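To keep things clear, I will list the structure first and then write my remarks on it.
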């Protein structure tokens, strides 16, 4: 009886000891990669996979993560005493704790869902802040929000949309120091203190490399700074070795490919402005509004993709980037730098390919300093030295407008000379213009035949030169018509021109002492439509059958309609226009034609007004002078010797931008 009781107790004890060691449902996976980052534990009474998931993964719902480390046939069958493989916690052993804290102090750990690529450039590890997006970081590190995909060059990111606060990214920086830590020899894990699953291999621990970010600027001789940082890192390593003497390390300093900064940074206040900047067209239109110009000689590095310009407001401002995207260099044209005369003396046209140019819109009368940074292929920038102090100020006189000033003074002087001659009683000779001499003949013929005179002004607005000339000619023709007692009529296409001609005709009849002969319908408005007006005029010609027709001003396609219908009714036609496209039709279909500027001279020719004649004479003299200069300049250019005359006309102060 006693023997049976003892046998039962022994069987129960053996079952209690052996059963936890050989669970039937769980088999840890056997992998060297898993062994480096995991260890084997025994499930305690009351523990579930959800409890372990909260402890090791921070979320009870991630209990299925244990499938990566164990072969579990039924998750619900896990019971106390089962042996499973779990990730190594940072606090598992003292050496792991020391290395993890050192790495954390040096900002070398990366996010669990992001791995960092090894690149040739110099990088740093940053932590994504709350509210930050990849677009925000792209603006900060690459200068453009659209370059967010460039982070793929430095990080293995599965999904760009999964970036969250706390994630750590590798980004370009000036330099960094990498300390790869040699792995210690694998050690057998002492499993005597805890039950072990049959077939479980010893756990090996991986010591992560330590990465120390450096503030050393690329492209600058700063070996002393690097040595100082290495000394500090070695001190950290000594502290680690004091914990575990078997730890061995080596130091590797990795720098980016050198990016040479731009040179010869110069700043200019834009001349000939009111302090508000350029107001230009053509080749320099993209610099419109810039009032401070920054120039530089581009970097000698072959990997530079562009340049950023930085500005600092004095006396105590910070440098801020003023370029939205990198500026290209070597695209500056000589005519662009026409606003900077000093550069013409220092560069030949071929040298402009090495010149960078940027026009900044700065505040007026505020001192600034500038510097330019070359941007490398990896987004690394290399900054130049600071420029001299500069501020945008307004100019009282725009020297680029000197030609206009000289021309105005010359015209005024010649005109005043002829006015003085006219007032002294001297006769002003004007060449004969046959079309204007025929006025009396045409109006006298209409009076003899008892048929009206028709005057057709152009289709321009009243302030145009052709309309003003047509009004002067109308007043001369109307005076002849009143004297000859001939009826004059004028249909109009422009309402304001119609009102001016109506008032002029009323005054002419009033001054002649015959206001009773004025009929307000003699000058009337037809329509503004081009073809409708042409049809109305053609109909009036055939109804009224005028003996003389004056067609003066600017015309379009309707000019030939007027001329052909006037010829059909047998009228004397005197035409005049400054539209060279319509002149051939008038020359062919009309009796007389005023060619080009003869239209403008008609008013002075008909009225014989001394002031108008003086301005006409001054224009003729100035035109003659221009023709003489053209002939002399052409001859000198052909002979190859300018004798300084051509140089006068090519001076920058003489050429308006």
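In table form, for the structure just shown:
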item: Odd one out for residue 422, checked against (1) in contact with a helix residue (DSSP H, G or I) (Cβ under 8 Å, 6 or more places away or on another chain); (2) in a helix (DSSP H, G or I); (3) assigned by TED's automatic domain parsing to the domain that holds residue 554; result: (3)
item: Long-range neighbours under 7 Å by Cβ, at least six apart or interchain, first residue without any contact (Cβ under 8 Å) to a residue 40 or more places away in the chain within region 532-548, second assigned to a loop (DSSP other than H, G, I, E, B) and surrounded by fewer than 21 Cβ atoms within 10 Å (Cβ to Cβ); result: 542/569
item: Matching entry among 407, 450 (being free of Cβ contacts under 8 Å to residues at least 24 places away in the same chain and not assigned by TED's automatic domain parsing to the domain that holds residue 602); result: 407
item: The listed residue being in the same structural domain as residue 440 (by TED's automatic domain parsing) and under 22 Å from residue 578 (Cβ atoms), out of 465, 486; result: 465
item: Unmet criterion (only one of (1) at pLDDT 90 or above; (2) surrounded by 14 or more Cβ atoms within 10 Å (Cβ to Cβ)) for residue 496; result: (2)
item: Which numbered condition residue 594 fails, given (1) over 19 Å from residue 578 (Cα atoms); (2) in contact with a helix residue (DSSP H, G or I) (Cβ under 7 Å, 6 or more places away or on another chain); result: (1)
item: Filter result for residue 559 (in a helix (DSSP H, G or I), in contact with a strand residue (DSSP E or B) (Cβ under 8 Å, 6 or more places away or on another chain), in the same structural domain as residue 455 (by TED's automatic domain parsing) and closer than 18 Å to residue 460 by Cβ); result: yes
item: Only listed residue being in contact (Cβ under 8 Å) with a residue 12 or more places away in the chain, under 51 Å from the mean Cα position of the chain (by Cα) and surrounded by 18 or more Cβ atoms within 10 Å (Cβ to Cβ), chosen from 477, 481, 470; result: 470
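The values are calculated or read from the model by the stated rules, or taken from the named source; none is laboratory data. Note that the structure is predicted; figures quoted are calculated from it, not measured. Counting neighbours? That spans all protein chains shown, and the Cβs are built from the backbone with ideal geometry, glycine included.
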